[in-house]
1. Would it be correct to say that B:F128 is of a type in the set (F, W, Y) and at the interface with another protein chain (Cβ under 7 Å from one of its Cβ atoms)?
2. Could you list all residues from the stretch A:161-172 that are more than 18 Å from the chain's Cα centre (by Cα) and more than 7 Å from chain B (Cβ to nearest Cβ)?
3. Within the stretch B:27-41, identify whether any single residue is touching a residue at least 40 places away in the same chain (Cβ under 8 Å) and over 27 Å from B:T132 (Cα atoms), and answer yes or no.
4. Which residues, counting only those in the stretch B:110-146, are at pLDDT below 95 and of a type in the set (A, V, I, L, M, F, W, C)?
5. Need pairs with beta-carbon distance below 7 Å; first residue within 22 Å of B:E133 (Cβ to Cβ) and in contact (Cβ under 8 Å) with a residue 12 or more places away in the chain and within the stretch B:42-65, second in a helix (DSSP H, G or I) and of a type in the set (D, E); sequence gap 6+ or separate chains.
6. Go through (1) outside any loop (DSSP other than H, G, I, E, B); (2) under 28 Å from B:P108 (Cα atoms); (3) of a type in the set (G, A, S) and name the single condition A:A187 misses.
7. Can you tell which of A:A80, A:A158, A:A149, A:A107 is modelled with pLDDT of 95 or more, open to solvent by less than 10 Å² (accessible area, probe 1.4 Å), within 7 Å of another protein chain (Cβ to nearest Cβ) and closer than 19 Å to B:R186 by Cα?
8. Identify the single condition in (1) of a type in the set (A, V, I, L, M); (2) under 15 Å from the mean Cα position of the chain (by Cα); (3) within 12 Å of another protein chain (Cβ to nearest Cβ) that A:V113 does not satisfy, given that it satisfies every other one.
Number of protein chains: 2
Amino acid sequence: MVRRSDTKQRMVGAARQLIREHGYHSMALSDVVERSASPRGSVYYHFPQGKVQMAAEAAEAHTREQVDMINELAGEASSAEQLVRAYVDSAQEGMLTSGYGRGCTIAPLVLEVGEDSEELGAASRRAFILMTETLALRLTVLGADAAAARELAHATVAGVEGAMVTSRALRSPEPFDAIRETVAARACALTAVGD
Amino acid sequence: MVRRSDTKQRMVGAARQLIREHGYHSMALSDVVERSASPRGSVYYHFPQGKVQMAAEAAEAHTREQVDMINELAGEASSAEQLVRAYVDSAQEGMLTSGYGRGCTIAPLVLEVGEDSEELGAASRRAFILMTETLALRLTVLGADAAAARELAHATVAGVEGAMVTSRALRSPEPFDAIRETVAARACALTAVGD
């Protein structure tokens, strides 16, 4: 038996994949229905505010996944350097696995919609606040002071976000490699004993 | 007297601004005509392949401007660290001046179209190749060895690209500050005497 919420979750997942592949504006509600194998009438039943609501829920699903991932990676890391390396590795692996076909869920919302939609503007802001704050908190536990953790978190999240654009355009893993070495070296320096 | 090429250049400039503000798909040809104050019939006269050609020429204009800027900043820099700092400064200033309203010309083409258009895929790839290769060449002149210059160039271009997304979403200059300190420290370490 398929529960109502399963359909909705499948639709949010499909919307998220479509946004990662070709952005927000090109996502047709009919594609979401098809990709998630949902009944056509279910769009406005589950998403009375339509496409904006669907994208906002996709952004929230992305944010939850990223926060969970940061916490999981932090549990396995024994230094700030290891954590930022693992975070870059994970994004690079996702890009390679998709054959350079999928980027971030949030970036298209920022570049295509921005503040034109109050709801999507707020969802994008919340996504990056939660990702950087979670990463900064974990870096503090791993020995970085508050200012260092904040700088490292912003640089790592922005670096990965940018590598998801340039690596995809170049069809090369090299931008992720460069960002990884750069943020790892900074993490080392900022947490060196006596620094 | 208005020359034919002036109209075309104005239209490319308008297309570029529209892409930077709201991406590729939401750019209507009528907006380009209006923004550039061009005669309506001029679209298919100057751009027989339509919107794709317009975006490809906008990408090329962006690339030329970036390459010129890197060369100009390199002429004023006396170290690799100074050059990467100046490159991040310049992008941050552009973001603040636009009130967080404008991003990169290339990123939307990558995230919304990618390889679906051979022409735009090639234009995006060429943009990032030229930007990173030009920056790497200048960093070599300023004392970095070939591998270090390549890593620094990829990290700086990707870092700035990402900060243009996260800074815009957060409406904060902080991601640029974090990327600047991170790539500057790496530039210092990679060009230190005896390294």
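1. When the stated conditions are applied, B:F128 passes them.
2. A:R171, A:S172
3. Kept after step one, since they are touching a residue at least 40 places away in the same chain (Cβ under 8 Å), are these residues of the stretch B:27-41: none.
The answer is no; no qualifying residue exists.
4. none
5. From the stretch B:42-65, the pairs are B:A56/B:E119.
6. With (1) outside any loop (DSSP other than H, G, I, E, B); (2) under 28 Å from B:P108 (Cα atoms); (3) of a type in the set (G, A, S) applied to A:A187, the lone miss is (2).
7. Details: A:A80 fails: within 7 Å of another protein chain (Cβ to nearest Cβ); A:A149 fails: within 7 Å of another protein chain (Cβ to nearest Cβ); A:A107 fails: closer than 19 Å to B:R186 by Cα.
When all the criteria are applied, what remains is A:A158.
8. That leaves (2) as the condition not met.
The values are calculated or read from the model by the stated rules, or taken from the named source; none is laboratory data. From a predicted model like this one, the values you see are computed outputs, not experimental measurements. Quick reminder, even Gly has a Cβ in these numbers, built from the backbone with ideal geometry, and neighbours come from all protein chains shown. Please note that ligands, DNA and RNA were not included when accessible areas were found on the heavy atoms of the full protein model with its side chains. Shrake-Rupley method; radii C 1.70, N 1.55, O 1.52, S 1.80 Å.
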